[in-house]
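So the structure is just underneath, and the comments pick up after that.
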Amino acid sequence: MVRGSEELCTSPHVGGSVDITAYISRQRTLSQTSNGGSPGSPMSPASPDSPLDYDMYSPPPSPFGWRGRMRHDSDSGTITKEEERAAFLANQIHRPSCVDIEVQLREILNQQRKTGGSILGVVHCEMAKYHHLGRFCDREDDRDLESAMFHLTQAANCGVLEAIVAMAHIYLQMPNDVLPDVKVEPSQDNTNDGVEYMEMAAEAGDRASMIQLARAYDSGLNLGTNRERSWTEALHWYESAVTMAAEDESGEYNATMDNPNHQLIARQAEMFRDGGYNMIKDPQRAGELYNEAAEEAMAAMKGRLANKYYMLAEECYGEMDEEEDVEGEE
């Protein structure tokens with residue numbers, strides 16, 4: 001701001017205006033020096049008698065306290081770079097990027113969650129997808145599907161639910177969304193591995209895996225040689241799928257459009273009505289389940305199917321009365 005012969009600069013800081021006359025004089029002197037003046041002139045930047053007070057460049061003290069740079073121990077000359085780096089690394093928590101050590105740590109921690117929480121597993125899962133998409137080769141025919149399968153296996157070992165489900169589908173000759181072009185030879189060993197992965201996914205809360213495992217125990221198909229057909233196990237997984245009301249361990253919730261609850265409950269009722277495969281025949285429980293299936297069917301706008309379930313429930317109650325009459329005659 002110019003006022004008469006005075007040149008003042010209004011400062012935004014607390015402290016008012018600053019006289020910049022000396023600053024302008026110094027700039028003119030520096031310009032003359034650069035055009036042929038002597039570097040040792042009184043107005044040279046190196047001159048200790050410069051009329052410019054360098055404090056004018058510094059902001060005035062803040063009313064809220066000092067805001068300067070904090071000084072740390074590393075700023076002093078008593079510590080070397082090696083010692084500073086050693087002190088920094090000592091405060092870091094390192095997690096190994098080895099799948100075997102990752103699995104051992106999960107077992108030591110005895111986590112209730114069977115899946116999730118492994119960044120290394122997520123990285124392996126993404127690497128498997130990249131290999132399958134051919135991101136590391138020039139042509140699609142040069143894709144390294146063996147590497148894709150390797151990374152998917154490591155991701156499953158680290159507890160990635162998406163990889164576990166994909167491994168189960170691959171070994172059980174079922175379509176999958178992660179590596180759809182990867183196939184394995186059908187064998188009993190591969191079926192056993194597939195059922196093992198399917199059970200892991202079911203325990204993690206994947207509803208589709210629960211239903212697939214329940215049907216395997218129900219029918220005895222795709223069950224492998226390490227497990228036997230058991231309706232009690234099938235009933236357990238059917239009930240788990242029906243009563244599932246929360247997300248799985250990956251934070252997702254499977255819809256029930258493909259396998260509605262009324263169908264699963266009706267199948268439980270059939271097993272109780274017929275009995276067998278380690279399950280005791282119970283017509284009363286079968287009638288109760290048929291009534292539950294009818295209510296679920298009504299909620300799904302399936303009126304005819306609900307009436308069918310109600311009729312089956314009455315038949316089960318009738319069988320229960322017949323058994324009581326036979327026992328009374330004996």
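The values are calculated or read from the model by the stated rules, or taken from the named source; none is laboratory data. Values in this document were obtained by computation on a predicted structure and should not be read as measured data. When we count neighbours, we look across all protein chains shown, and the Cβ atoms used for this are built from the backbone with ideal geometry, even at glycine. Each accessible area value is taken on the protein alone, full model and side chains, heavy atoms only, with ligands, DNA and RNA left out. Shrake-Rupley method; radii C 1.70, N 1.55, O 1.52, S 1.80 Å.
Tabulated values for the structure
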{"quantity": "Charge sum, other residues only, whose C-beta stays under 13 Å from A216's C-beta, Lys/Arg counted +1 and Asp/Glu -1", "calculated": "-2"}
{"quantity": "Neighbourhood net charge (13 Å Cβ-Cβ; Lys/Arg +1, Asp/Glu -1) for F136", "calculated": "-2"}
{"quantity": "Label-point separation, E323 to M174 (7 Å along Cα→Cβ), nm", "calculated": "3.3 nm"}
{"quantity": "Shape category assigned to the range 159-289 from the gyration tensor of Cα positions, a/c cut at 1.5", "calculated": "oblate"}
{"quantity": "Total formal charge among the other residues, if their Cβ is under 14 angstrom from that of A306, Lys/Arg +1 and Asp/Glu -1", "calculated": "-1"}
{"quantity": "Accessible surface of the range 139-197, 1.4 Å probe, proportion on carbon and sulfur as whole %", "calculated": "44 percent"}
{"quantity": "Förster radius 45 Å - calculated FRET efficiency between R85 and R139, Cβ distance, rounded to 0.05", "calculated": "0.50"}
{"quantity": "Sites T243 and Y277 - FRET efficiency at Förster radius 35 Å, r taken between beta-carbons, to 0.05", "calculated": "0.95"}
{"quantity": "Segments 193-203, 137-147, 290-300 sorted - mean Cβ within 10 Å per residue, highest first", "calculated": "193-203, 290-300, 137-147"}
